[in-house]
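To start, the structure itself, in structure tokens.
The values are calculated or read from the model by the stated rules, or taken from the named source; none is laboratory data. Just so you know, these numbers come straight off a predicted model, no measurement behind them. Note that each Cβ is placed from the backbone with ideal geometry, even for glycine, and that neighbours are counted across all protein chains shown. Calculation scope for accessible area: heavy atoms of the full protein, side chains included, ligands and nucleic acids excluded. Shrake-Rupley method; radii C 1.70, N 1.55, O 1.52, S 1.80 Å.
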Amino acid sequence: MESAHWWFLMKHESGRLQPDNRWSTFNARASRMFGSRPYKGAARHQRCIVPASGYYEWVTRQGLRIPHYLEPREGCLAFAGLYRHWHLAGTSIASTTVVTTDAHPALQWLHEKSTPLMLAEKDFDRWLDPAIEREEDLRDLWQPAIPKAMRLFPVSTAMNNARDKSDSCLQSVGEVQMLDESYRREADDFQLE
């Protein structure tokens, strides 16, 4: 396991490496990564798994951004990722991006366009296999999936402040939903309390 900076493209500035904010490269769309200039080399040769204890999505209701946290009931999530190594003055830094895919039907009310590409354990070796270089050989992994039982719940709007690192960012302030491959929820089912 290696630590990496979550922003794929870096730049040299003031004698150090930092995110290149000219482009948004914290996510790479699965359906476009093999043809996208910044990602195509990594899509063929530098795939990785980004472990995560969970992730946040926001829903806007009645003008208020409401954060929700998704976490596995056990273990951690395995996001498909791409990585790259950067070098400057004898130092090296790894950068990464999380691959996204179409939103899972159970999560479209939460984010209608995309969700992180979550890999099932049975798919780890294939995703990481450097001998697999063709898009066609990986495309079936891009199907939206909930690979393990998960919990989904709203958290405090204090999460909307990026400086807030308190435990309230992980504490439920509403109904906890259990998700698995059979979970479905319609946007109209959401009620703001």
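Quick notes on this one:
- Spin-label pair Arg139-Ala120: with each label point 7 Å from Cα along the Cα-Cβ axis, the two points sit 2.0 nm from one another.
- Set Lys40/Lys113; Lys40/Lys148; Lys11/Lys148; Lys11/Lys40 screened for pairs whose C-alpha atoms are more than 27 Å apart: Lys40/Lys148; Lys11/Lys148
- Rounded to the nearest 500, the 222 nm mean residue ellipticity of the chain from helices alone is -1000 deg cm²/dmol, with -39,500 (n - 2.57) taken per DSSP H run of at least 4 residues.
- Centre-to-centre, using Cα atoms only, segment 1-49 and segment 142-178 are separated by 26 Å.
- Take the Cβ atoms of Arg37 and Ser3, set R0 to 22 Å, and the FRET efficiency comes out at 0.25.
- Added length on full extension, which subtracts the Cα-Cα distance from 0.36 nm per residue, Glu71 to Thr91: 3.7 nm
- With all protein chains in place and a 1.4 Å probe, the accessible surface of the chain carries 48 percent carbon and sulfur.
- Solvent-accessible surface of segment 1-67, averaged per residue with a 1.4 angstrom probe and all protein chains in place: 63 square angstrom.
- Options (1) 17.1; (2) 16.6; (3) 18.0 - which one matches Kirkwood radius over Cα pairs in Å as calculated here: (3)
- Ordering of 102-109, 136-143, 60-67 by packing is 102-109, 136-143, 60-67, highest average first (other Cβ atoms within 10 Å, averaged per residue).
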